[in-house]
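Right, one structure below, let's go through it.
The values are calculated or read from the model by the stated rules, or taken from the named source; none is laboratory data. Everything numeric here is computed off the predicted structure, so don't read it as measured data. Cβ atoms come from the backbone with ideal geometry, glycine included; neighbour counts cover every protein chain shown.
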Amino acid sequence: MNGHSGSGEADRIAASAAALIDAHDEELLRLLRECHEQLDPMPDSVVQRSLFALAVEDIDAEVLRLAEEYRPAAGVRGDAGDEGEQARVVTFDSDSLTIMIRISRHAESVRIDGWLAPPQSCRVELRSGQRTLAAAVDAEGRFVLDAIPRGLAQLVVRLGEALTGSGGPSILTPAIVL
């Protein structure tokens with residue numbers, strides 16, 4: 001043998017393996033698959049999250065990591081029976097940037113109030129499904145994205161870039177559920 005497998009050898013191995021599986025084995029594998037699908041189905045979001053991650057246009061972009069998520073105690077705002085605003089605070093960080101966002105949930109949509117540290121004027125985009133929303137980040141590092149549909153989303157910070165300009169590197173957050 002020459003130390004590596006050629007396609008002929010791989011075909012021979014695959015044919016040999018296929019010859020070992022008979023109709024009884026195929027029926028058992030089918031039953032096992034059905035059992036697994038009923039008892040422990042794959043969450044719907046797995047495929048969506050995987051495709052979302054693969055759709056990243058900026059391969060050279062820096063990726064932030066989730067640093068902290070905070071949910072205020074129920075009933076902090078308004079009456080105990082109030083079905084109004086629900087909020088959570090999420091912080092992402094990297095070696096060069098920290099993003100803190102406050103996600104306020106409303107009846108059918110979400111509002112994000114965000115802050116960058118160190119503060120800088122740039123542009124932030126929110127990718128959600130087929131939509132991309134953009135907002136300017138002011139010199140104090142503040143931005144707002146409003147009327148966002150609930151679901152899976154990702155923030156992209158375009159450093160050195162105004163709303164209509166071009167600029168420096170991009171920094172991405174992991175996908176989160178709004």
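Side notes on the structure shown:
- Enumeration of residues in the stretch 115-133 that are under 17 Å from the mean Cα position of the chain (by Cα), surrounded by 15 or more Cβ atoms within 10 Å (Cβ to Cβ) and either more than 16 Å from G168 (Cα to Cα) or not β-branched (V, I, T) (or both): E125, L126, R127, S128, L133
- Taking the criterion of being assigned to a loop (DSSP other than H, G, I, E, B) and surrounded by fewer than 17 Cβ atoms within 10 Å (Cβ to Cβ), the residues of the stretch 137-147 that qualify are D138, A139, E140.
- Inside the stretch 84-120, residues that are in contact with a strand residue (DSSP E or B) (Cβ under 6 Å, 6 or more places away or on another chain) and assigned to a loop (DSSP other than H, G, I, E, B) make up a count of 3.
- Filter result for S104 (under 16 Å from the mean Cα position of the chain (by Cα) and assigned by TED's automatic domain parsing to the domain that holds V90): no
- A134 being over 23 Å from D44 (Cβ atoms), outside any loop (DSSP other than H, G, I, E, B) and at pLDDT 90 or above: yes
- Only residues that are within 18 Å of D95 (Cα to Cα) and in contact (Cβ under 8 Å) with a residue 40 or more places away in the chain were counted across the stretch 106-119, and they come to 1.
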